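Every read-out reported here was derived from the displayed coordinates using simple, explicitly stated rules and does not represent laboratory data. All values reported here derive from a predicted model rather than from experimental measurement. Cβ atoms come from the backbone with ideal geometry, glycine included; neighbour counts cover every protein chain shown.
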Amino acid sequence: MIRQLFFVAALSSCPVLATAEQTDIPDYLELSLTPQYQSLSRDGGHNGNYELDFMGLKTLRQGGEGLGATRLGWWWLRNETVSGLSTNALASRAGLLWDFNDGDAPEPGNFLGVFALQQSFADDKGLLQIGKLYPGNDFAESEYWGDDRGTFMSTMMSGDVAGRWFSTIGLGANAAWFGDGWHLRAGVVDAQAEDPYFDFDSLKKGRFLWQAELGLTPDWGGDFTQIALSPYMIDRTDHLSRERGFVAAFTHEWDDFAVFGRYTWRDGGTALTPADEAEELAVQRGGFLGFAWNAPFDREDDRIAVALMHGEPTPLARAGGLNTQTGIEAYWSIEPNPWTVITPDVQVVRTASGEIETILGLRLKVRFQKSWQ
């Protein structure tokens, strides 16, 4: 079955939005709070932060044959570092090529991640979204990555440290067409929006992320298989050169198990001046390969997952002393009741100096969700 996620924060708990084969997903509201804590083994450095998420989906028009339902979806969040160093500062001090979680908010920050209308058409074979969009929800997505509140904490998997496409959040539009065992998607998003809500002024600069995707769902004898191939291009911005990249991702499920992975290649996105170097990503190419056990030990709502991650630095990062880095992360998502998820987590990463850094983590997600008719 083709599956498409509308909100990255909803990966582990909220229903997916309707697709070509799924038009009866109920409207919902969800409010969740996720404090998380991580501690580094070698020097005792630590980070504590939280994220507050409010998201929802509302059908504005039911539609009928031909032109289908019109829906409004949103995702608002607030995050804050409350203990220790920020994740970015702590990762830099430890010699890590990427952050061990994406909760880096030294100051409290409110942010509107998604606010968009979605229109289905052609008897639900087609979808159009317009508004403030998060490409990480729509392209090369899977329920097994992309959400540090419910899946992996490392930014290698909760985002995409090798390509700026994932977190280029701004005003834009995308459209998809779902066939039998395949889908096509294409979209455009403002590449340098800065306002945490709606940056209309940035649109005047004409700097965009352009992205496409070919998705395949072959019948390989499992419960679900999806392959995604997604080229993208980001126009030259005020600080960075033009960035071209290619993302390949896959998910394969059978019984209670799954294997999954993603890899990103990138060319460009380099600093235009020495003053712009802080804007440049440290990873040139990288990805991960993972395995998940769903419903372990007959615990229907739990998941145990592990992933190997690998990243190669840009010339700028290599000149700064960072080298190719590998690591592993594992977590156990424990759901004792519908409103609580407890997730112990461990990451083991080889640092720039060749030493092994072990990062222990713990998350507690408390959520309230209801159908909204």
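What's the longest bit of the chain with no exposed chymotrypsin sites (Phe, Trp or Tyr not before Pro), using DSSP loop states and at most 14 other Cβ atoms within 10 Å as the test?
Values: sites that count: Y197, W220, W339, W372.
Longest site-free region, per DSSP loop and neighbour criteria: 1-196.
Would you please name the GluC sites (Glu not before Pro) within segment 160-267 that are DSSP coil residues with at most 11 other C-beta atoms within 10 Å of their C-beta? Could the numbers behind the result be given before it?
Values: sites: E194, E213, E243, E253; in loops: E194.
Qualifying residues, ordered by number: E194.
For labels at N323 and I356 in the simple 7 Å Cα→Cβ model, what's the distance in nm?
1.6
What is the gain in length, in nm to one decimal, between T70 and D180 on full extension, counting 0.36 nm per residue of separation less the C-alpha to C-alpha distance? Mind dumping the intermediate values first?
Working: separation 110, 0.36 × 110 = 39.60 nm, distance 2.32 nm.
The span from T70 to D180 would gain 37.3 nm if fully extended.
Which whole-number percent is the relative contact order of the chain (Cα, under 8 Å, 6+ apart)? Mind dumping the intermediate values first?
Details: 1049 pairs, mean separation 57.7, N = 373.
After rounding, I find 15 percent.
Could you please report the charge total around G163, scoring K, R as +1 and D, E as -1 over all other residues with beta-carbon less than 12 angstrom from its beta-carbon? Can you show the working numbers first?
Numbers: positive: R164, R244, R262, R266, R285; negative: D160, E243, D267.
Net of charged neighbours comes to +2.
Which whole-angstrom value gives the distance between the alpha carbon centres of segment 119-191 and segment 259-291?
18
Test of understanding: what is the full-extension gain from F198 to S371, defined as 0.36 nm times their sequence separation minus their Cα-Cα distance?
Working: separation 173, 0.36 × 173 = 62.28 nm, distance 2.75 nm.
Full-extension gain reported as 59.5 nm.
R0 = 22 Å: FRET efficiency of W339 with F54, Cβ-based, nearest 0.05? List each step's numbers first, then the result.
Working: r = 15 Å, r/R0 = 0.69.
Once rounded, the FRET efficiency stands at 0.90.
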